[in-house]
Structure formats: C-alpha cells, structure tokens
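What follows is one structure encoded as structure tokens, with my remarks underneath.
Rule-based calculations on the coordinates, nothing more; no lab input. None of these values were measured; they are calculated from a predicted model. Because the Cβ atoms are built from the backbone with ideal geometry, glycine has one as well, and the counts that use them run over all protein chains shown.
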Amino acid sequence: MPTPAKPSPPRVSRHDETAYDRRRLRQWLAGEARADGVSRRRLLTLLAATAAVTALPAPPPARAAGTPIVKPLPPEWFVQRGTNAETRWEALRGTGHHTPNELFFVRNHTTTPVLDAAAWRLRLWGSGLRGTPGEDRPVEFGYDDLRALPSVTRTAFVECAGNGRSFYTSQQGETVSGTAWTLGAIGVARWRGVRLADVLRRAGLSSRAVDVQPRGLDAEFGSGGESLGRVRRPLPLAKALDDVVLAYEMNGEPLPHDHGYPVRVLVPSWVGISSIKWVGDIEVSAQPLYSPWNTTFYRLFGPAHPAEGSAPLSRQTIKSAFEVASGAAFPVARGQVLHGRSWSGAGGIARVDVSTDGGARWRPARLHDRPRADTWTRWSVAWKPDTPGPTHLLARATDTAGRTQPETSVPNAQGYLFDAVVRHPVTVV
Ligand SMILES: Nc1nc2c(c(=O)[nH]1)N[C@H]1C(S)=C(S)[C@@H](COP(=O)(O)O)O[C@H]1N2
Ligand SMILES: [Mo]
C-alpha cells in the first residue's frame with residue numbers, strides 16, 4: 001500500500017519542519033511525494049507561499065483539467081482512448097522514417113508526471129549488485145552523471161503489445177479485454193542515451209544477477225480496487241546487457257514529458273511495456289523477479305495457450321498499416337499511390353504484398369527502406385481504382401526471419417500480439 005509522506009518526528013524544531021515542508025513540496029512537484037486526498041490547487045497554493053518557489057524550474061506545462069497527457073492531442077492526429085492517445089495513421093503520411101514527437105502515441109497507466117531532471121536520481125539496488133551479502137547497497141546516478149557517460153543512438157519502435165487488439169473483435173468476433181487500439185499504438189524514434197549494460201557494470205553488477213527490474217515514478221496503478229504498485233516489469237539480464245538503452249533524447253530533443261522525461265528505458269523489438277518511462281529505480285536481483293506486468297498481464301491466456309498462460313511476452317509480432325484514414329474515399333479511374341509501413345519484432349521486413357480488391361489479387365509493394373531490425377519499412381503501390389463502391393485494402397508483410405502475416409490471429413483473452421492481415425475499408429467514388 002502507498003506510504004503517505006510522514007510528518008516529522010515531534011522532537012524536530014519548527015525551523016526544521018519548515019525546511020522539510022519546503023523539500024516535501026518540491027518532491028511533490030517533481031512527482032516524488034504522494035498527496036492522496038489533497039488537491040493539486042491546494043498544494044500549489046502552499047508552494048507559492050514558500051521560498052521554495054524561487055528555486056523552482058519553469059512551471060509544469062498547462063494541461064487540460066483531468067487530462068493524463070501533457071502534449072496537445074489535436075483530433076486530426078490522435079484518437080483519445082482513456083488515459084492513452086492513439087496516433088492516426090493518415091497523420092503519418094508525409095512524415096519521414098521517424099515519428100515526430102508531437103505525433104507519437106501515448107500509453108499511460110495513470111497520468112504523465114512532470115519531473116525535474118535536476119532533482120531526479122536513478123537508484124540501482126538489490127541482491128544482484130556486488131557488496132556485502134545481504135546489505136542493500138544502492139548506487140545512484142543523477143541526470144548529468146548519465147549524460148556524461150558514452151552515449152549510443154538507436155532507431156527503434158515502441159509498440160504496445162495490444163496494438164491492433166480491436167481487430168480480434170471486428171475481424172474475428174473474439175471478446176478481448178483492454179484498450180481497443182486499431183494500429184496506431186506504435187511509433188519509431190531515434191533514441192539517444194546510455195547503454196543499460198554500462199550503468200549496470202558501473203553499479204557493480206554481480207555474476208549472480210539474473211533479473212533487472214526498472215520501475216516508473218508515475219503513480220501507483222490500481223486494478224479491481226487494489227493497488228498493484230508502480231509500473232515495473234523484470235527483464236532477463238541477457239536482454240538488459242544486450243541492446244537496452246536508458247534514453248534521455250527522442251529525435252534529437254530531450255524526452256517529452258509524456259514519453260518518460262527525464263529518462264526512460266528503451267528495449268528494442270520487445271513489447272512496449274518493457275520500455276519503462278520516468279524510470280526512478282532499477283532492482284538488480286540474484287533471484288528471478290515477478291510483477292503483475294509479467295504474470296497477470298503480458299502473457300497469453302485462452303484455449304490455445306497453457307492453463308497458466310504462455311511465457312511472458314518479449315518480442316513484438318509482425319504487422320502492416322496503410323497511411324490512409326479508415327473509410328477514405330478514392331476517385332474512380334484516377335491513378336494514385338498508396339503508402340504504408342510494415343514492421344516485425346523478429347527482424348527486418350523482406351517483402352510486402354498488397355491487395356486493393358479485398359484479397360482476390362495481390363502484388364508486391366515497392367519498399368522504400370532497407371530491411372532493418374527494430375524499425376519499420378515504408379512501402380508504396382500504385383493504384384487506379386476501376387469500379388465504384390466499397391472495397392478493402394490489405395497489406396501482408398514477410399520478415400527476414402521468414403514469418404508472414406496470417407489470415408487470422410490465434411486469439412488470447414487480453415488481445416495481445418495481433419498479427420493477421422488487417423482489412424482496411426475504403427470507398428471508390
Ligand atoms: N512508468 C511507466 N512506463 C510505461 C508505461 C506506464 O504507464 N508507466 N506504459 C508502458 C506501455 S504499456 C507502453 S506501450 C509504452 C508506451 O510508450 P509511449 O507512451 O512513450 O508511447 O510505455 C510503457 N512504459
Ligand atoms: Mo503497452
């Protein structure tokens with residue numbers, strides 16, 4: 001259960017309490033203190049009344065009351081889904097290989113915390129670090145400490161495990177739980193940061209370490225009237241040491257608040273939940289770790305899967321999307337070019353086939369990017385519709401590992417890892 005900010009012990013002088021209250025208010029502003037039952041307005045009033053305010057960075061960006069996302073969400077770019085925002089594929093037409101930060105989808109379990117990089121610390125702790133056995137010996141890094149380490153830059157997608165979930169229902173008639181994403185819960189960015197491996201080694205990684213569990217500084221997540229604690233999910237050490245990045249830049253800018261400022265984890269090719277935003281601490285463990293996010297969630301349950309669920313999800317699956325609005329109208333007998341993108345968690349995209357007549361005939365699309373792991377490949381096909389009326393556009397990708405998108409996806413209760421060919425409705429007029 002959450003621990004409320006504790007009042008100072010009675011022996012502390014009035015002066016100390018004043019200083020502590022100031023610090024506590026600052027921590028609250030940085031998202032590091034809990035204030036259950038106290039309004040944001042009340043705390044801001046308290047803040048304004050203390051000298052702490054003079055030492056504060058710029059005020060947090062204005063956000064609409066009750067909105068869990070900081071950046072603007074114009075309806076021509078996003079569909080809002082609860083605490084999340086899905087990118088509209090038609091808005092990606094004409095953008096380059098990388099998704100502009102303003103257009104990048106947001107998946108929040110609760111609310112974007114507005115953190116202060118100067119006050120932020122990353123704490124590494126646990127039985128998988130060297131030191132006296134049994135002793136909890138945390139190692140801390142500040143924002144400047146991380147920025148002073150050698151940096152790496154990587155192009156990679158972040159994609160929600162539930163991307164495409166709504167097609168289990170609309171195409172296959174399955175009932176699944178979770179956010180009803182279409183295909184817009186993905187974005188590709190150039191991430192810059194430090195290798196998690198470098199930070200782990202500097203912290204004194206022990207040869208006994210097996211799991212690494214980053215945890216976010218956003219609020220605790222409640223489900224079914226119960227708090228599951230802060231968002232966290234273990235990563236096997238092998239992946240943590242391979243290609244995982246602690247990212248502080250996204251497409252050449254400091255991470256936006258909604259995407260994890262000041263630092264997020266980036267786990268290339270894996271389901272989005274692995275890439276913990278607003279990371280505050282990392283447990284390094286000599287014992288295997290569990291959290292709700294690799295047990296209750298992010299396994300496959302259902303008739304086609306073991307009773308206890310599949311292994312925790314890791315790599316993303318294979319998908320394709322057109323940069324076209326659902327239900328778009330195309331003029332008959334006029335030539336045009338259809339654009340889209342395909343991606344896979346198992347490698348690059350080797351081939352894409354497209355049908356403009358609901359799946360009767362297929363032809364290869366022209367690929368505009370070399371096949372590359374961890375990111376998508378853009379493609380196009382020319383199309384001159386000859387018959388007025390409704391039809392479906394279909395795209396079917398094959399990756400360099402030899403996987404091809406199937407006609408139907410094996411269902412699971414939470415609707416993860418949809419991979420089937422999507423039937424995209426359009427009309428010829
Ligand atoms: N701390 C924290 N990290 C998080 C989440 C969250 O709610 N809190 N959501 C996860 C999920 S489910 C996804 S799909 C990605 C989404 O990243 P984005 O919002 O930057 O697109 O962040 C992951 N990391
Ligand atoms: Mo997700």
Enumerate the calculated ³J(HN,Hα) couplings along region 280-293 in order (Karplus 6.51 cos²θ - 1.76 cosθ + 1.60, θ = phi - 60°), each rounded to whole Hz, writing x wherever the residue is Gly or Pro.
x, 8, 10, 7, 10, 10, 8, 10, x, 10, 10, 9, x, 8
For Gln414, the residues 5 or more places away or on another chain with a placed amide H closer than 5 Å to its own amide H are Ser177, Phe301
Per the C-alpha gyration tensor (a ≥ b ≥ c, the square roots of its eigenvalues), region 323-426 is rounded if a/c is under 1.5, else prolate if a/b beats b/c, else oblate; here it's oblate
Quick one: 3J(HN,Hα) in Hz for region 296-308, Karplus 6.51/-1.76/1.60 with θ = phi - 60°, rounded, Gly and Pro as x.
5, 10, 6, 10, 9, 10, x, x, 7, 10, x, 4, 8
Near Pro364, within a Cβ-to-Cβ distance under 9 Å, what is the net charge of the other residues, with Lys and Arg +1 and Asp and Glu -1?
+2
Sequence-distant aspartates and glutamates (8 or more away, or on other chains) whose Cα lies within less than 18 Å of Lys71:
Glu86, Glu102, Asp116, Asp218, Glu249, Glu253, Asp258
If you find the alpha carbon centre of region 219-241 and of region 92-156, how far apart are they in angstrom?
15
What aspartates and glutamates sit close enough to Lys239 to cross-link, taking a C-alpha to C-alpha distance under 20 Å and skipping anything fewer than 8 places away on the same chain?
Glu159, Asp198, Asp211, Asp281, Glu283, Asp374
Let me know the charge dipole size of region 99-243 about its Cα centre in debye, to the nearest 20, where only the beta-carbon of Lys, Arg (+1) and Asp, Glu (-1) is charged.
400
What residues from region 413-429 fall in the zone where the backbone N is under 17 Å from a label point 7 Å along the Cα-to-C-beta line of Arg93?
424-429
Compute the signed sum of charges (Lys and Arg +1, Asp and Glu -1) over the other residues within less than 15 Å, Cβ to Cβ, of Pro385.
+2
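Considering only the other residues whose Cβ falls under 14 Å of the Cβ of Thr296, what net charge follows from Lys and Arg at +1 and Asp and Glu at -1?
Value of the local net charge: +1.
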Can you pull the one-decimal nm distance between simple spin-label points at Arg361 and Tyr290, each 7 Å off the Cα toward Cβ?
5.6
Based on the mean of other Cβ atoms within 10 Å per residue, sort peptides 119-126, 371-378, 257-264 so the most packed one is first.
257-264, 371-378, 119-126
